[in-house]
Every structure is written in C-alpha cells, then in structure tokens.
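Read the figures in this text as sums done on the coordinates, not as results from a lab. Just so you know, these numbers come straight off a predicted model, no measurement behind them. Reconstructed Cβ throughout: ideal geometry from the backbone, glycine too, with neighbour counts over all protein chains shown.
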Amino acid sequence: MANSSCKKEEHKTLWGMEDTVDGFILPKEIPIKAAFTLDQLTGRFQSVKDGLPELVKNAKDQYARLQIVDREDRHILVVANTQKRSLAVIDFAGAPAKNFKGWTTWSDPNAGQADAAKDIEAGHGNGGKAFMVRGAKKSAYLESCHQGKRTKMGFVNDRPKDRYKPGFAQSSGVAINDIDVSDPVTRFVEVLARISHMDRSFSASVSVIISR
C-alpha cells in the first residue's frame with residue numbers, strides 16, 4: 001500500500017502541476033524544421049489530379065479580386081503538352097506586383113485576400129504553391145502582365161535546399177518585379193512557345209496571368 005500511495009502522489013505532482021515555478025524561458029521563434037514540415041504539408045499536391053484544381057481556383061479568385069463577376073468574362077485556359085510534360089494555367093485578369101507579396105509566404109492567413117470578394121476560395125495560399133513545388137521536377141513560375149507592368153516569381157525545385165523559397169526571376173541581372181512591359185500579347189505568345197518546346201525532363205506547373 002505504501003508503494004502504491006507514493007506512486008499516486010508522484011503522478012499527481014507531475015500532471016497536476018503542483019510544483020511552483022516562476023515561468024519558462026521560451027525561445028523567440030517556434031523551433032521547427034521548416035522544409036521537413038512543408039514536405040509533410042504539401043505531399044498531397046504532387047499529382048496533377050490534386051494540384052491542377054488549385055491553380056484553376058487561384059485564377060478564378062484573381063478575377064474575383066478585380067471585381068470581374070460575369071462568368072463569361074472569366075476565361076481560364078489549361079494548356080498541357082503530354083509529350084514535353086509541361087502544363088500551364090492561363091487567365092486574363094492580371095495581377096499587380098502587390099498581389100505577389102501574400103503569395104510569397106507559406107501559410108499566410110491573409111494571402112487569399114478573402115475580404116476582396118464573396119466567392120474567393122483561397123485560404124492560406126498553400127495549395128497552388130504546393131503543386132508548383134511538388135508537381136514540377138525542375139522549376140515553376142507565376143507571371144503577370146498588368147497595366148503595363150510585368151512581375152515573375154517562381155521556385156527552383158531541383159535544388160532541395162532551395163525549393164520552397166519563392167524568388168523573382170531575373171533577366172540580364174535585373175529582377176522581374178513590376179518592370180515595364182510594352183506588349184503583353186507578345187509575351188503571351190512567347191510563353192506558349194516555351195511551353196510547347198520544353199525539354200522532356202522538365203515537368204512544370206505554370207500559372208501565367210496576362211491582361212491588356
């Protein structure tokens with residue numbers, strides 16, 4: 001009986017928190033293996049079946065953010081090259097550079113800008129990005145030409161230590177971040193040509209947004 005009583009007291013002290021402490025010394029940041037955690041969170045978006053709807057949803061949401069409400073004006077194209085293993089989701093809404101800020105952060109509760117319209121489905125901005133990383137072997141990008149400005153960001157997926165880091169594309173050493181674009185239609189044609197001539201080893205999920 002004595003041993004049993006002692007064990008009960010130990011249990012009570014351990015789980016009942018009867019010991020008096022002055023608090024805890026906590027780290028400034030949450031200790032977490034970010035890449036490993038993202039591997040766990042994004043695993044279900046590796047296939048076209050699960051990832052493509054996320055890109056289509058993002059395209060639809062962008063129309064909503066710009067108050068384009070008529071379904072007949074919400075054109076979304078899905079372009080696939082099964083031989084070259086390339087894929088693009090194209091809409092004609094356009095996105096200003098400021099829209100990319102929320103997109104760059106994983107699990108951002110404000111990334112979807114849900115307050116901009118009633119029919120926005122985006123949550124934390126992870127689905128489309130997850131497919132761009134897990135569904136593309138080499139790289140993937142999001143590009144917009146909007147009101148004479150062009151922005152392009154993407155992921156480098158064939159370098160494991162960098163693949164969850166969104167970055168601006170570069171041209172001649174200049175970041176493609178809200179730079180001037182004179183002819184978005186020409187850029188649109190260039191993108192389509194690139195999709196059709198991608199190397200077979202390049203499996204990409206590409207979201208391209210063009211507006212005039």
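So here's what we get for this one:
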item: Listed pairs LYS28/LYS137; LYS28/LYS118; LYS28/LYS60; LYS28/LYS152; LYS118/LYS152 exceeding 30 Å between Cα atoms; result: LYS28/LYS137; LYS28/LYS118; LYS28/LYS60; LYS28/LYS152
item: Proximal lysines relative to LYS33, as straight alpha-carbon distance under 18 Å, when same-chain residues fewer than 8 apart are discounted; result: LYS161, LYS165
item: Residues PHE131, PHE45 arranged by fewest to most Cβ contacts within 10 Å; result: PHE45, PHE131
item: Region 143-181: trypsin sites (Lys or Arg not before Pro) in DSSP loop, at most 11 other beta carbons within 10 Å; result: LYS161
item: Residue order, fewest to most surrounding Cβ atoms within 10 angstrom, among THR105, THR42; result: THR105, THR42
item: Tensor-based shape of region 33-210 (alpha-carbon gyration tensor, a/c under 1.5 rounded, otherwise prolate or oblate); result: rounded
item: Cα gyration tensor, region 89-174 - rounded (a/c under 1.5), prolate or oblate; result: oblate
